[in-house]
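Dumping the structure here so I can ask a few things about it.
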Amino acid sequence: MDRVVVFDTTLRDGEQSPGASLGIEEKLQIARQLARLNVDVIEAGFPVSSPAQFEAVRLIAQQVRGPVIAGLARAVKLDIDRCWEAVRYAPRPRIHTFIATSDIHLKYKLRMSRQEVLDRAVEAVKLARGYTEDVEFSAEDAGRTDPGYLCQVVEAVIDAGATTVNIPDTVGYMIPEEFAALIRKLYQSVPNIDQVTLSVHCHNDLGLATANSLAGVKAGARQVECTINGLGERAGNASLEEVVMAINTRQDFMGVSTSVETTEIYRTSQMVSKLTGLEVQANKAIVGANAFAHEAGIHQDGVLKEKSTYEIMTPQSIGLERSRLVLGRHSGRHGFKARLEEMGYRLSDEMLEKTYQRFLLLADKKKEVFDEDLVAIDRLVKLPINLREYSIRAVTSGAEAMGEVTVKIDDDGAIVIGRAASTDIIEASAKAYINVINKLVARRKAAGGAGKSK
């Protein structure tokens, strides 16, 4: 089975997301985690752009082992020289040089002819090859470049010594079928294409970055450039976690694999989110808070019986401990009972039904009901408890409904009761639980003292 090279550009293209600027130490942290994730290539930055960028790339090249360490450089001598100065310390350095090839870029940005751009691309690749055997060339805005001219450029840079040729959909303009056709055309029309790894780099302006990347792989590309959490310019880049898990989950269709250690995906996503300050949206594929969460009663019932009914991959495969059953207005009895049993509550069928109906009255006013506080309190207290009753009662109505929770426990035949009320059901539950625990502790202390006086 062919292996797809995973090229992570979180530290270069991803950092270009507005507000995502990273310090040198933060970049080092992410680079080390990317190495644990086992990506093949880390694009560490754009060395010529600033002293801080240069230093970050240099330190990553010196300290991070495992992946190829790449630096970005425009097709000009200053950039390429500076890039090499930064990446040269890596055991496996790469220079990634680029120039735009679309007519719109040639006319308005570069003010160069097609021949001038072709010549510049060839010169840049030859200069980079003078430093290292690993040279990548990108035809910026390839998606809007005349296909015939793109084939000429690709053939020329391969002859000049490029070892990877990258085809970027720089502005996220292409449709998957169209992008796949472009990749196939390159394989059909460029006689020396077999000498390089063909790469794709897709942006998400139309929400198609992952789809286009997968279409490119299906058409023969063997490197995918992507970022953690899909960070990047404007609407972002292809999401590494989506591309990798799509390939892993659908190997039957894709026919390729990656070397990524998928159990590090969630940890990496959280680190990048924390250090960039850019939160992951709840419904983000693979790493969003809701990606492995189920609230609908039918779904909860199905997942409790057999997880594959509503999950096409396991949460453990990306480094999560388990799926999450969310208690809310759509939850059914099976999910509600399962949550209570997880928390250690064993209710009779009659009490379960009564509690469930009370729960629905309040859940209809709330977005979600959590149990983490109760579990945490239980772990801290470590008291043997025999729960006799857990009940919820709506004491007011409206958008800010007040709920009262009653907890009854059996302590050697004596019933100890704790109560609390709040507009937040979990807060009321926690307070009621604390209330009954405090009473239980006081009762046992009193009983112990009485025994000693005798």
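The values are calculated or read from the model by the stated rules, or taken from the named source; none is laboratory data. Note that the structure is predicted; figures quoted are calculated from it, not measured. Don't worry about glycine lacking a Cβ; one is built from the backbone with ideal geometry, like all the others, and counts go over all protein chains shown.
Please work out if ARG144 is under 35 Å from the mean Cα position of the chain (by Cα), at pLDDT 95 or above and farther than 16 Å from CYS202 by Cα. Steps first, answer last, please.
Numbers: under 35 Å from the mean Cα position of the chain (by Cα): yes; at pLDDT 95 or above: yes; farther than 16 Å from CYS202 by Cα: no.
For ARG144, the condition - under 35 Å from the mean Cα position of the chain (by Cα), at pLDDT 95 or above and farther than 16 Å from CYS202 by Cα - is not met.
To continue, here is another question. Taking the criterion of being within 32 Å of the chain's Cα centre (by Cα), surrounded by fewer than 19 Cβ atoms within 10 Å (Cβ to Cβ), assigned to a helix (DSSP H, G or I) and touching a residue at least 12 places away in the same chain (Cβ under 8 Å), would at least one residue in the range 117-129 satisfy it? Talk me through it step by step, then tell me what you get.
Of all residues in the range 117-129, those within 32 Å of the chain's Cα centre (by Cα) come to none.
For the range 117-129, residues within 32 Å of the chain's Cα centre (by Cα), surrounded by fewer than 19 Cβ atoms within 10 Å (Cβ to Cβ), assigned to a helix (DSSP H, G or I) and touching a residue at least 12 places away in the same chain (Cβ under 8 Å): absent.
Related question: I'd like to check something: does the range 75-88 contain any residue that is within 19 Å of SER259 (Cα to Cα) and of a type in the set (Asp, Glu)? Write out each step before concluding.
From the range 75-88, those within 19 Å of SER259 (Cα to Cα) are none; that's our starting set.
Within the range 75-88 (the criterion being within 19 Å of SER259 (Cα to Cα) and of a type in the set (Asp, Glu)), the answer is no, since none of the residues qualifies.
Report yes if some residue within the range 38-51 is in contact (Cβ under 8 Å) with a residue 24 or more places away in the chain, farther than 24 Å from LEU198 by Cβ and part of a helix (DSSP H, G or I); otherwise report no.
Checked against the condition, which is being in contact (Cβ under 8 Å) with a residue 24 or more places away in the chain, farther than 24 Å from LEU198 by Cβ and part of a helix (DSSP H, G or I), the range 38-51 yields at least one hit.
Pick out the one residue from LEU198, LEU182, LEU150, LEU206 that is of a type in the set (A, V, I, L, M, F, W, C), closer than 26 Å to ARG250 by Cα, touching a residue at least 24 places away in the same chain (Cβ under 8 Å) and assigned to a helix (DSSP H, G or I). Show your work before the answer.
On the way: LEU198 fails: assigned to a helix (DSSP H, G or I); LEU150 fails: closer than 26 Å to ARG250 by Cα; LEU206 fails: assigned to a helix (DSSP H, G or I).
That would be LEU182, the only listed residue that is of a type in the set (A, V, I, L, M, F, W, C), closer than 26 Å to ARG250 by Cα, touching a residue at least 24 places away in the same chain (Cβ under 8 Å) and assigned to a helix (DSSP H, G or I).
Ok, one more. Check the range 147-155 and report whether any residue there is under 34 Å from the mean Cα position of the chain (by Cα) and of a type in the set (Phe, Trp, Tyr). Talk me through it step by step, then tell me what you get.
Filtering the range 147-155 for residues under 34 Å from the mean Cα position of the chain (by Cα) gives 147, 150, 154.
Cutting the leftovers down to of a type in the set (Phe, Trp, Tyr) gives us none.
No, because not a single residue in the range 147-155 is under 34 Å from the mean Cα position of the chain (by Cα) and of a type in the set (Phe, Trp, Tyr).
Still on this structure, I have one more. Which number in (1) under 27 Å from TYR108 (Cα atoms); (2) within 33 Å of the chain's Cα centre (by Cα); (3) surrounded by fewer than 22 Cβ atoms within 10 Å (Cβ to Cβ) marks the one condition that GLU177 misses?
(1)
Then there's this: Return yes when ALA238 is under 13 Å from VAL4 (Cβ atoms) and not polar (S, T, N, Q) and no when it is not. Lay out the reasoning, then the answer.
Numbers: under 13 Å from VAL4 (Cβ atoms): yes; not polar (S, T, N, Q): yes.
Here the answer is yes, as ALA238 does meet what is asked.
Restricting to the range 1-28, give me the number of residues that are basic (Lys, Arg) and under 13 Å from PHE46 (Cβ atoms). It would help to see each step written out before you state the result.
Taking the range 1-28 and keeping what is basic (Lys, Arg), we get 3, 12, 27.
So of that shortlist, the ones also under 13 Å from PHE46 (Cβ atoms) come out as 12, 27.
Summing the residues that are basic (Lys, Arg) and under 13 Å from PHE46 (Cβ atoms) in the range 1-28 gives 2.
Would you point out which residue out of ILE158, ILE95, ILE99 is in contact (Cβ under 8 Å) with a residue 24 or more places away in the chain and in contact with a strand residue (DSSP E or B) (Cβ under 6 Å, 6 or more places away or on another chain)?
On the way: ILE158 fails: in contact with a strand residue (DSSP E or B) (Cβ under 6 Å, 6 or more places away or on another chain); ILE99 fails: in contact with a strand residue (DSSP E or B) (Cβ under 6 Å, 6 or more places away or on another chain).
It is ILE95.
Further, regarding this structure: Quick one: ALA221 ticks every box in (1) under 21 Å from ILE265 (Cβ atoms); (2) crowded, with 23+ Cβ neighbours inside 10 Å bar one, so which box is it?
It fails just one condition, (1).
Hand me the list of helices (runs of 4 or more DSSP H) wholly inside the range 231-296 holding 2 or more residues that are surrounded by 21 or more Cβ atoms within 10 Å (Cβ to Cβ). If you could, list the steps in order and put the result at the bottom.
Working: elements: 240-249, 251-254, 265-276.
Ranges flagged: 240-249, 265-276.
Any idea how many residues of the range 86-103 are surrounded by fewer than 17 Cβ atoms within 10 Å (Cβ to Cβ) and either under 28 Å from the mean Cα position of the chain (by Cα) or part of a loop (DSSP other than H, G, I, E, B) (or both)? Spell out the reasoning first.
First, the residues of the range 86-103 that are surrounded by fewer than 17 Cβ atoms within 10 Å (Cβ to Cβ): 88-89, 91, 103.
Narrowing further to those that are either under 28 Å from the mean Cα position of the chain (by Cα) or part of a loop (DSSP other than H, G, I, E, B) (or both): 88-89, 91.
So the answer is 3.
Starting from residues that are part of a strand (DSSP E or B) and β-branched (Val, Ile, Thr), keep the ones in the range 5-19 and report whichever is nearest to the chain's Cα centre (by Cα).
Top of the filtered list is VAL6.
Take the conditions modelled with pLDDT under 95 and outside any helix (DSSP H, G or I) and apply them to LEU22. Does it pass?
Details: modelled with pLDDT under 95: yes; outside any helix (DSSP H, G or I): yes.
Here the answer is yes, as LEU22 does meet what is asked.
Let me ask another. Those residues that are of a type outside the set (S, T, N, Q) and over 27 Å from VAL135 (Cα atoms), I need them from the range 256-274; list them, please. It would help to see each step written out before you state the result.
We begin by selecting, within the range 256-274, every residue of a type outside the set (S, T, N, Q); these are 256, 260-261, 264-267, 271-272, 274.
Residues satisfying the conditions are GLU264, ILE265, TYR266, ARG267, MET271, VAL272, LYS274.
So which strands (runs of 3 or more DSSP E) are wholly in the range 357-454 and hold at least 1 residues that are at pLDDT below 75? Full working, then the answer.
Details: elements: 386-394, 403-411, 414-422.
Passing ranges, in order: 386-394.
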